[in-house]
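Okay, structure first, notes after.
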There are 2 protein chains.
Amino acid sequence: MAAGILVVDDEQSIADLIEVYLKNENYDVYKSYNGLDALKHVETQNIDLAILDVMLPDIDGFSICQKIREKHNFPVIMLTAKDEEIDKITGLTLGADDYVTKPFQPLELVARVKAQLRRYTRYNSSEISREEKLITIAGLVLNKDTHECTLNEKPLSLTPTEFSILWVLASNRGRVVSSEELFRKVWGDKYYTNSNNTVMVHIRHLREKMNDNAEHPKYIKTVWGVGYKIEK
Amino acid sequence: MAAGILVVDDEQSIADLIEVYLKNENYDVYKSYNGLDALKHVETQNIDLAILDVMLPDIDGFSICQKIREKHNFPVIMLTAKDEEIDKITGLTLGADDYVTKPFQPLELVARVKAQLRRYTRYNSSEISREEKLITIAGLVLNKDTHECTLNEKPLSLTPTEFSILWVLASNRGRVVSSEELFRKVWGDKYYTNSNNTVMVHIRHLREKMNDNAEHPKYIKTVWGVGYKIEK
DNA sequence: ATGCCGCCTTAAGATAATCTTAAGAAATTT
DNA sequence: AAATTTCTTAAGATTATCTTAAGGCGGCAT
């Protein structure tokens with residue numbers, strides 16, 4: 001899986017420029033023009049590295065960096081127009097891993113991104129290895145680590161099987177998953193017996209908790225005679 | 001233990017200057033004025049970070065960096081007079097973790113050293129070689145060296161297994177740990193037998209000592225059908 | 001269009017699994 | 001031998017899962 005990179009800069013043109021260069025290297029880019037939006041991305045997307053501008057309309061980059069550090073481990077590269085030494089020290093001390101001053105050469109930034117990621121993955125190497133842990137689909141957030149699930153910020157308390165089913169649907173979003181496949185993925189192949197509607201029952205419970213009605217489902221759609229799916 | 005830092009520069013005055021600043025921060029400094037000597041240090045001393053000048057009389061800094069990378073994992077900061085973009089990219093691509101151009105501000109260099117070391121120990125902490133020895137989570141402090149544990153300054157007297165369990169939970173904070181995983185990590189894989197509720201019993205004892213009630217636990221939360229977790 | 005069949009939804013109760021708690025036995029340490 | 005720690009067992013509470021069955025709806029054939 002490609003690494004996810006968060007780019008935060010209030011100057012759209014700069015954020016866009018960085019995005020182009022990063023996408024050219026096949027990274028998944030998440031762009032924000034302000035701090036609040038950025039923090040939301042951090043909680044809902046699989047981020048492996050953040051590039052933060054210091055000057056932002058709402059929260060400054062240093063604070064964002066600190067907030068990230070409370071929960072996350074991935075590298076942070078600070079970006080700023082000021083190049084006074086004192087700022088560099090502040091940034092690095094607050095937990096940033098690198099510091100690039102504007103104006104910068106895009107290729108150098110990309111090189112630094114690679115260096116940080118190489119380091120990051122070197123340490124995390126076999127252990128975590130970039131399995132998807134977070135899935136976000138239109139207000140629905142699933143966290144496999146904590147088994148937490150929120151719908152439009154509100155937590156849903158799901159039972160283990162409910163969570164598993166939703167996870168399978170979400171990780172196959174955009175594709176119809178037959179109830180047989182669902183069953184095999186959630187319970188395991190060996191437990192499968194045909195003519196089993198327990199999947200449907202769980203789907204029903206899920207829809208209830210998600211306030212989704214079967215007639216016009218917002219999330220879990222049923223495809224007659226085939227299975228269920230979640231739109232992309 | 002203070003971190004060991006290797007400083008390599010053929011200009012003695014510069015190496016000495018860096019040494020002064022690093023010693024001031026209580027690092028163990030190993031100085032070399034040429035590449036061969038530097039590589040000898042790498043093999044014989046406990047090095048946690050290297051600062052390499054690119055221009056050296058015998059071997060160039062990039063080659064030293066590559067040699068280091070064959071066997072070691074610690075961060076490398078390249079140091080050079082050339083500040084053309086292409087060189088930076090070369091350096092970072094060859095496995096360096098940061099790049100500082102001369103003339104540089106000593107304090108900035110120190111800050112970058114700190115940032116790299118922080119990163120290095122952060123990654124090595126939980127999983128790999130270098131062990132995390134102290135974990136602090138919201139009033140709860142665990143010391144692996146002494147097996148001591150305090151909660152809001154007050155010491156808790158935990159039995160060895162209790163400590164181990166709490167340690168596993170704490171070092172995986174923010175993630176649900178299944179009781180099977182807990183068992184395997186505390187007792188070892190080979191002892192695992194299914195249908196074992198001894199973990200739960202110990203959890204119960206822990207909660208008792210921590211004054212945590214199962215209904216609204218402040219520390220050890222149970223995730224039904226999945227496992228236990230401590231919040232980040 | 002109409003009616004039928006089969007798939008899907010929904011409800012409710014039965015069954016099963018997991019967790020908490022307690023108490024005492026076994027093992028280990030002091 | 002005493003004290004501590006660890007493990008086993010089991011009852012009770014809680015929660016999750018499955019089964020069943022009735023009714024609704026979609027698609028298909030006539």
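Selection of segment A:26-51 for residues being open to solvent by 70 Å² or more (accessible area, probe 1.4 Å) and among the charged types (D, E, K, R) yields A:K40, A:E43. Looking only at residues of segment B:215-230 that are assigned to a loop (DSSP other than H, G, I, E, B) and either within 13 Å of DNA strand D (Cβ to nearest atom) or open to solvent by less than 60 Å² (accessible area, probe 1.4 Å) (or both), we find that the one that is modelled with the lowest pLDDT is B:E215.
Listed by first and then second residue, the pairs linking a residue in segment B:143-164 that is β-branched (V, I, T) to a residue that is more than 14 Å from DNA strand D (Cβ to nearest atom) and open to solvent by less than 90 Å² (accessible area, probe 1.4 Å), with Cβ atoms under 6 Å apart and 6 or more places separating them unless they lie on different chains, are B:T150/B:V141. The selection criterion, being within 8 Å of DNA strand D (Cβ to nearest atom) and within 23 Å of the chain's Cα centre (by Cα), holds for A:T161. Within segment B:78-93, one or more residues are at pLDDT 85 or above and under 28 Å from A:Q105 (Cβ atoms). Residues of segment A:182-209 that are within 11 Å of DNA strand C (Cβ to nearest atom), in contact with a strand residue (DSSP E or B) (Cβ under 9 Å, 6 or more places away or on another chain) and under 21 Å from A:P155 (Cβ atoms): A:I203, A:L206, A:R207.
Please tell me if B:N172 is surrounded by fewer than 13 Cβ atoms within 10 Å (Cβ to Cβ) and away from DNA strand D (no atom under 15 Å from the Cβ). For B:N172, the condition - surrounded by fewer than 13 Cβ atoms within 10 Å (Cβ to Cβ) and away from DNA strand D (no atom under 15 Å from the Cβ) - is not met. Residues in segment A:142-157 that are more than 14 Å from DNA strand C (Cβ to nearest atom) and open to solvent by less than 80 Å² (accessible area, probe 1.4 Å): A:L142, A:N143, A:D145, A:T146, A:C149, A:T150, A:L151, A:L156. Summed over segment B:160-210, residues that are away from every other protein chain (no Cβ under 14 Å) and either at pLDDT 90 or above or assigned to a helix (DSSP H, G or I) (or both) total 31. If you go through segment A:42-52 one residue at a time, do you hit one that is assigned to a helix (DSSP H, G or I) and closer than 22 Å to B:A115 by Cβ? There is at least one residue in segment A:42-52 that is assigned to a helix (DSSP H, G or I) and closer than 22 Å to B:A115 by Cβ. Among all positions in segment B:51-65, there is no residue which is among the charged types (D, E, K, R) and either under 27 Å from B:D145 (Cβ atoms) or without any contact (Cβ under 8 Å) to a residue 12 or more places away in the chain (or both). From the list B:T193, B:T198, the one residue that fits, being open to solvent by less than 60 Å² (accessible area, probe 1.4 Å), near DNA strand D (Cβ under 9 Å from one of its atoms) and not basic (K, R), is B:T198.
The values are calculated or read from the model by the stated rules, or taken from the named source; none is laboratory data. Treat the numbers as computed from the prediction; the structure is a model and nothing was measured. With ideal geometry, Cβ positions are generated from the backbone for all residues, glycine too; neighbour counts draw on all protein chains shown. What goes into the accessible areas is simple: the full protein's heavy atoms, side chains included, and nothing from ligands, DNA or RNA. Shrake-Rupley method; radii C 1.70, N 1.55, O 1.52, S 1.80 Å.
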